[in-house]
Amino acid sequence: MTGSGGAVASVDPVASQVAIDVLKKGGTAADAAVAATAALNVVEPYATGMGGGGFFVYYDAKNKQVKTLDGRETAPKSMTETSFLEADGTPMNFDKAVNSGLSVGVPGNPAIWQAALDRWGKRSLTDMLAPAQRIAERGFVVDEAFSAATADNAKRFSMFPATAAVFLPGGEPVQPGTVLRQPDLAKTLGLLRKDGIDALYRGPIGKAVVDTVNRPKTVDGVTVPTGGMTTADLHAYRVLRKDPVVSSYRGMEVYGMPAPSSGGIAVAEILNLMSAYEKRTDTATSATDDVQYLHRFADASATAFADRNRWVADVEGVPVKELLSSGFAAERACGFDPEKAAARPIAFGEPDGSYTSCGPVAPGKTGGVNEGSSTTHLTVADKWGNVASYTSTIEAFGGSGMVVPGYGFLLNNQLTDFEFTAPTKGVPHPNLPAPGKRPRSSMAPTIVLENGRPVFAAGAAGGSTIITTTAQILLGYVDRDLTPVGAVAAPRISSRNTGATAEARIIDTKTGAALKAMGQPMTKAEAIGRATAIAMPARGVFTPAVEPTRGGGGSAMVVEPRKR
Ligand code: GLU
């Protein structure tokens with residue numbers, strides 16, 4: 001679809017329609033992004049919502065600048081480096097940590113909503129939450145995918161009576177075709193509309209969150225780890241305004257999210273490595289066949305993962321400039337072999353400003369495996385040229401599994417994105433838990449500018465595969481001559497150093513066989529990532545793009561469709 005007046009790409013037609021309605025009535029991309037994400041809280045409650053957090057990247061057409069909001073969930077003051085260890089010092093079982101109060105971080109999405117409206121909106125939070133409240137009251141029709149996702153989660157949801165009451169009516173997963181009404185969620189949205197986000201950060205919603213985290217209400221005979229959150233943790237929560245990470249690729253500026261997300265840095269490093277491989281091999285990416293392209297991409301992404309796992313987290317002094325320097329990329333690319341995959345795991349590099357060596361070759365252990373596959377990415381553009389690229393999440397699909405009793409929304413389990421223990425004994429790791437710290441993320445909301453004008457925006461869901469999905473879409477659109485939807489739909493590979501997957505359309509073909517023969521590690525994955533994007537080929541022209549099939553597809557809409 002192509003058109004003018006503004007556009008949206010989301011995973012759900014109800015949410016996309018909410019965004020289009022806001023744009024039609026003169027709202028900005030920021031207004032529409034807030035209204036649509038609140039609607040996703042209702043129709044995609046397992047992927048995102050007010051109980052979670054996210055990262056918001058915005059092109060502000062008036063100031064011609066890209067800025068970001070970091071609304072990552074934050075560890076309570078009581079959290080320590082050993083919070084995810086058992087009494088005997090061993091790391092806690094991952095599922096045990098997920099389904100608990102311990103993994104719940106202070107939510108950040110409501111703070112993003114208010115900050116985005118304050119800074120870039122023309123509408124009030126009261127107005128932007130109205131559609132979501134209405135949908136929660138009236139209900140939405142459950143589809144096959146939602147019912148199946150509920151069934152997948154039924155066992156853990158049944159541990160928490162408040163969750164079962166919403167999603168397992170009569171003890172069974174909500175069935176396709178039923179109208180799911182969420183009166184508690186509607187009431188909570190009403191409280192936010194009336195009293196603002198203070199209803200959460202300083203009011204009754206927050207008290208109920210704290211109570212749920214510290215004393216999870218489970219069915220008889222089930223106990224789960226408890227958290228140590230206080231109302232002071234909620235008061236102290238701040239959405240952080242940050243300058244984006246920016247790198248250049250083919251004369252374009254690629255803007256992404258800085259730490260605690262590793263998304264912006266890792267995507268940029270992958271693109272830098274692709275450029276460095278071109279120099280080493282004297283063959284442009286655009287001139288490579290599928291096998292060579294995917295081989296390069298797999299080695300580049302595995303290398304970027306080694307580096308982000310070692311260097312990027314919510315700590316002081318992340319060496320961003322060095323990680324994104326051409327010297328570092330050249331050093332990291334120096335061992336690239338166009339005929340043979342680099343041995344895994346690739347060791348991390350040293351972004352120390354001196355790039356004369358060929359980098360370490362010893363295998364490295366860099367951690368970074370604890371990421372789920374939930375989340376949602378929303379891309380919106382308006383008629384003034386503003387662009388919002390917003391990835392939000394409650395971490396696992398269904399988050400911690402705990403609905404706040406009486407308030408109807410799921411709490412995140414984002415703190416399981418911390419390393420539970422240092423991967424190498426004795427070597428301090430930047431992503432260990434600490435009081436007030438934000439766990440490292442892979443979310444990669446991205447906006448690309450050419451000659452100062454936004455030309456493309458994209459992002460994805462899918463845990464650590466978010467990074468490889470987003471980078472592949474950018475490369476597909478820029479270098480592989482794909483249409484926006486072609487770039488989103490193209491088969492994906494995801495080499496993450498400690499894990500590597502590819503979709504059947506790669507692994508089960510001659511291309512896959514050739515990659516295997518070169519030593520590229522891969523196991524089959526049904527679907528990698530779930531993305532949305534908007535291309536802006538000329539000023540005022542929008543081509544939103546969504547998944548045709550992955551995750552049941554998405555919904556792309558424009559304000560005024562171009563006449564055919
Ligand atoms: N926790 C993940 C991250 O922040 C997102 C959730 C997911 O997609 O699994 O990177």
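Which of the residues that make up region 326-345 are crowded, with 18+ Cβ neighbours inside 10 Å and farther than 15 Å from Asp307 by Cα? Listed by number, the residues that qualify are Phe336, Ala341. Scanning region 493-506 for residues that are in a helix (DSSP H, G or I) and either hydroxyl-bearing (Ser, Thr, Tyr) or farther than 18 Å from Gly551 by Cβ (or both) yields one hit, Ile506.
Listed here are the residues, each with its yes/no results for (1) polar (S, T, N, Q); (2) in contact with a helix residue (DSSP H, G or I) (Cβ under 9 Å, 6 or more places away or on another chain).
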| site | (1), (2) |
| --- | --- |
| Asp70 | no, yes |
| Ser78 | yes, yes |
| Pro91 | no, yes |
| Lys96 | no, no |
| Asn99 | yes, yes |
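Looking only at residues of region 425-451 that are part of a strand (DSSP E or B) and among the hydrophobic types (A, V, I, L, M, F, W, C), we find that the one that is farthest from His377 (Cα to Cα) is Leu449.
Between Ala151, Ala116, which is of a type in the set (A, V, I, L, M, F, W, C), at pLDDT 95 or above and closer than 20 Å to Gly51 by Cα? Outline the logic, then answer.
Values: Ala151 fails: closer than 20 Å to Gly51 by Cα.
Going through Ala151, Ala116 in turn, the sole match is Ala116.
Test Gly317 against the criterion of being surrounded by fewer than 17 Cβ atoms within 10 Å (Cβ to Cβ), modelled with pLDDT under 95 and not polar (S, T, N, Q), and give yes or no. So Gly317 fits the description; yes.
So which residues in region 244-267 are more than 16 Å from the ligand (Cβ to nearest atom) and either aromatic (Phe, Trp, Tyr) or within 17 Å of Arg440 (Cα to Cα) (or both)? Those that are more than 16 Å from the ligand (Cβ to nearest atom) and either aromatic (Phe, Trp, Tyr) or within 17 Å of Arg440 (Cα to Cα) (or both): Pro244, Tyr249, Tyr255.
Here Arg181 meets each of (1) in contact with a Gly (Cβ under 7 Å, 6 or more places away or on another chain); (2) more than 19 Å from Ala36 (Cα to Cα) with one exception, condition (2). Restricting Asn412, Asn431 to residues that are within 26 Å of the chain's Cα centre (by Cα), within 15 Å of the ligand (Cβ to nearest atom), within 27 Å of Gly553 (Cβ to Cβ) and at pLDDT 90 or above narrows the list to Asn412.
I'm trying to understand the selection: among the residues of region 446-463, which are within 16 Å of the ligand (Cβ to nearest atom) and more than 18 Å from Asn309 (Cα to Cα)?
Within region 446-463, Thr446, Ala458, Gly459, Ala460, Ala461 meet the criteria.
Is it the case that Thr532 is modelled with pLDDT of 95 or more, surrounded by 15 or more Cβ atoms within 10 Å (Cβ to Cβ), hydroxyl-bearing (Ser, Thr, Tyr) and closer than 22 Å to Ala29 by Cα?
yes
Residue check: Gly177 meets all listed conditions (1) over 23 Å from Asp12 (Cβ atoms); (2) in contact with a strand residue (DSSP E or B) (Cβ under 8 Å, 6 or more places away or on another chain); (3) not in a helix (DSSP H, G or I) but one, namely (1). Note on region 464-492: among residues that are surrounded by 24 or more Cβ atoms within 10 Å (Cβ to Cβ) and in a loop (DSSP other than H, G, I, E, B), the one that is farthest from the ligand (Cβ to nearest atom) is Arg492.
For Asp243, the criteria (1) surrounded by fewer than 16 Cβ atoms within 10 Å (Cβ to Cβ); (2) within 26 Å of Ala36 (Cβ to Cβ); (3) over 27 Å from the mean Cα position of the chain (by Cα) hold in every case but one, which is (3).
Would you pick out the residues in region 373-400 that are small (Gly, Ala, Ser) and surrounded by fewer than 24 Cβ atoms within 10 Å (Cβ to Cβ)? Hits for region 373-400 are Ser373, Gly385. Scanning region 100-134 for residues that are among the β-branched types (Val, Ile, Thr) and buried (at least 24 other Cβ atoms within 10 Å of the Cβ) gives Val104, Val106, Ile112. Taken over region 274-317, the residue count meeting the criterion of being in contact with a Ser or Thr (Cβ under 8 Å, 6 or more places away or on another chain) and either within 30 Å of Ala75 (Cα to Cα) or of a type in the set (A, V, I, L, M, F, W, C) (or both) is 15. Among the conditions (1) assigned to a loop (DSSP other than H, G, I, E, B); (2) surrounded by fewer than 24 Cβ atoms within 10 Å (Cβ to Cβ), Ala162 misses just one, which is (1). Contact map, region 1-23: first residue buried (at least 24 other Cβ atoms within 10 Å of the Cβ), second residue modelled with pLDDT under 95 and among the hydrophobic types (A, V, I, L, M, F, W, C), Cβ cut-off under 9 Å, separation 6 or more or different chains; pairs are Ala7/Met1. Tell me which residues, restricted to region 307-351, are touching a Lys or Arg at 6+ places or on another chain (Cβ under 9 Å) and closer than 17 Å to Gly264 by Cβ. Hits for region 307-351 are Asp307, Arg308, Asn309, Val312, Ala313, Asp314, Val315, Leu323, Pro351.
The values are calculated or read from the model by the stated rules, or taken from the named source; none is laboratory data. Predicted model, so just to flag it, every value in this text is computed and none were measured. Virtual Cβ from ideal backbone geometry, glycine too; neighbours counted across all protein chains shown.
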